[in-house]
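Okay, so here's the structure we're looking at.
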Amino acid sequence: MWCSRLLSYPLSRGQCSSYRARAALAQLNHVLESELESIRGAGTWKSERIITSKQGPHIHVEGSRGEILNFCANNYLGLSSHPEVIRSGLEALEKFGAGLSSVRFICGTQNIHKNLEEKISRFHQREDAILYASCFDANAGIFEALLTPEDAVLSDELNHASIIDGIRLCKANKYRYKHMDMQDLEAKLQDAQKHRLRLVATDGAFSMDGDIAPLKEVCSLAQKYQALVFIDECHATGFLGPNGRGTDELLGVMDQVDIVNSTLGKALGGAAGGYTTGPKALIDLLRQRSRPYLFSNSLPPAVVGCASKALDLLMESNAIAQSMVAKTRRFRSKMAAAGFSISGNDHPICPVMLGEAQLASVMADDMLERGIYVIGFSYPVVPKGKARIRVQISAVHSEDDIDRCVEAFTEVGRKHGALP
Ligand code: PLP
């Protein structure tokens with residue numbers, strides 16, 4: 001028998017199969033340990049800090065004393081802990097239960113799901129919308145359902161991982177254009193004329209640099225070469241543009257962008273969930289064909305209740321979104337006056353550019369010692385030599401919070417030689 005060849009003593013049939021199972025597990029552990037060691041060795045190990053309070057501008061973190069000022073959540077509008085958002089989630093939980101125990105097309109669609117889809121399409125001024133468990137799923141589910149080997153997809157090289165994965169799953173011809181480079185996009189569009197449909201896919205706002213896609217130029221190239229435009233608005237929905245509709249509103253091209261994917265897990269209450277909004281026929285097709293929609297559980301009622309209230313608040317008034325704009329300007333201008341270089345344009349993602357990975361890491365640690373939670377990013381998450389600390393501003397930071405953050409940066413920057 002197989003085991004007998006390895007061992008010098010005989011084993012029964014049962015002992016032999018359990019030996020084989022243990023050997024397989026030992027082999028797996030060996031492979032995993034060496035993989036984990038290579039992650040540690042590359043300095044890219046991600047550890048998680050444990051928050052012991054609600055998400056918000058002031059949090060409690062395990063291992064740190066007192067309140068921490070939080071500048072690294074995507075809670076752009078502060079709605080994650082908004083009392084009306086929480087109440088709406090609780091009411092939906094009470095009335096509609098913990099969850100559906102079903103996918104949408106079997107018995108997982110409640111009136112609240114249909115109402116939320118209607119509200120999302122009204123918010124974005126599109127024909128229809130479809131909910132997913134996350135925007136990752138929305139991105140994973142759209143390209144394969146929509147595009148065939150006859151078609152082409154043209155994707156910005158710095159698009160989010162979920163767009164990259166979604167595109168990998170589809171059989172269309174794939175083009176990757178240089179980040180926000182319209183000459184390169186045009187060259188690729190010319191080459192893609194031989195295909196049936198062309199779809200340009202870009203993040204509306206890019207989360208590592210806080211830069212905003214040149215959608216006016218993208219849309220005019222799309223018109224010239226008869227292409228569709230898809231944007232991922234995770235870092236734009238709720239706060240970019242005069243009414244927080246997103247990058248397309250900010251840049252005046254709401255009527256030229258065909259498909260919007262976004263998340264309910266950032267500015268819109270921060271619970272979870274994602275969606276696609278666009279032409280009705282496209283949404284109808286996704287309900288029939290999109291695999292993460294068809295084969296995954298419905299959004300839980302509490303999550304639907306929270307997102308629905310967040311959208312109500314934003315459709316009633318643009319005051320929250322405008323307050324975030326003012327706070328962002330305050331932070332960016334005070335940091336620039338202190339001598340820091342902040343990347344991106346007017347976005348609440350404010351990357352403080354430092355260059356060296358080591359500098360970003362020690363400065364972020366020193367900021368936490370001063371009670372301010374910010375995160376350093378370095379290679380391979382961002383290019384070599386472009387390490388930074390990413391600060392994210394929220395509408396619920398007070399002016400005092402922002403000033404404290406700038407003062408701490410100035411102190412820590414001087415200490416480590418990032419400022420003269
Ligand atoms: N797209 C972008 C640009 C993101 O930043 C994220 C989240 O980090 C996602 C998609 C995925 O969103 P979700 O958290 O809803 O899956």
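The values are calculated or read from the model by the stated rules, or taken from the named source; none is laboratory data. Source: prediction; values computed, not measured. Cβ coordinates were reconstructed from backbone atoms using ideal geometry, including for glycine residues, and neighbour counts include every protein chain displayed. Just so you know, the surface numbers come from the protein's heavy atoms only, side chains and all, with ligands and any DNA or RNA stripped out. Shrake-Rupley method; radii C 1.70, N 1.55, O 1.52, S 1.80 Å.
Quick rundown of the values:
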{"read-out": "Segment 83-316, Rg to Rh (Cα coordinates; Rh as Kirkwood inverse mean 1/r)", "value": "0.97"}
{"read-out": "Surface/4 estimate of mean projected area, convex hull on alpha-carbon atoms of segment 161-250, nm²", "value": "5.9 nm²"}
{"read-out": "Residue order for 36, 264 - accessible surface, 1.4 angstrom probe, largest first", "value": "36, 264"}
{"read-out": "DSSP beta bridge pairing in the chain, given as percent antiparallel to the nearest 5", "value": "55 percent"}
{"read-out": "Along each principal axis, Cα extent of the chain, largest first, Å", "value": "77, 57, 54"}
{"read-out": "Diffusion constant of segment 21-100 at 4 °C, which comes from Stokes-Einstein with the Kirkwood Cα-pair radius and 1.567 mPa s, µm²/s", "value": "76 µm²/s"}
{"read-out": "1.4 Å probe accessible area per residue over segment 103-169, in Å²", "value": "40 Å²"}
{"read-out": "Largest to smallest principal axis extent of the C-alpha atoms in segment 33-184, angstrom", "value": "55, 50, 36"}
{"read-out": "Net lengthening on full extension, residue 296/residue 12 (0.36 nm per residue, minus Cα-Cα)", "value": "97.9 nm"}
{"read-out": "Entries in 266/327; 178/386; 178/280; 114/280; 171/266; 114/309 that, when Cα-Cα distance is taken, lie over 20 Å", "value": "178/280; 171/266"}
{"read-out": "Largest-first principal axis extents of the Cα set of segment 103-159 (Å)", "value": "38, 28, 21"}
{"read-out": "Fluctuation leader among 57, 83, 351 - the chain, Gaussian network, Cα springs under 10 angstrom", "value": "83"}
{"read-out": "Candidates 226, 183, 15, ranked by Gaussian network fluctuation over the chain, Cα under 10 Å, top entry", "value": "15"}
{"read-out": "Two-decimal Rg/Rh across segment 274-420, once Rg and the Kirkwood Rh are taken from alpha-carbon atoms", "value": "1.11"}
{"read-out": "Fraction of antiparallel bridges per DSSP, segment 83-316 only, in percent to nearest 5", "value": "40 percent"}
{"read-out": "Carbon/sulfur fraction of accessible area - segment 83-316, other protein chains in place, 1.4 Å, %", "value": "52 percent"}
{"read-out": "For segment 129-209: Kirkwood Rh in Å [reciprocal of mean 1/r, alpha carbons]", "value": "13.0 Å"}
{"read-out": "The chain, helix-only ellipticity at 222 nm - DSSP H runs n ≥ 4, -39,500 (n - 2.57), divided by all residues, nearest 500", "value": "-14000 deg cm²/dmol"}
{"read-out": "Among 98-111, 131-144, 64-77, 334-347, the order from most to least packed when residues are scored by Cβ within 10 Å on average", "value": "131-144, 64-77, 334-347, 98-111"}
{"read-out": "Translational diffusion coefficient (Stokes-Einstein; Kirkwood radius from C-alpha pairs) of segment 182-297 at 37 °C, 0.692 mPa s, in µm²/s", "value": "216 µm²/s"}
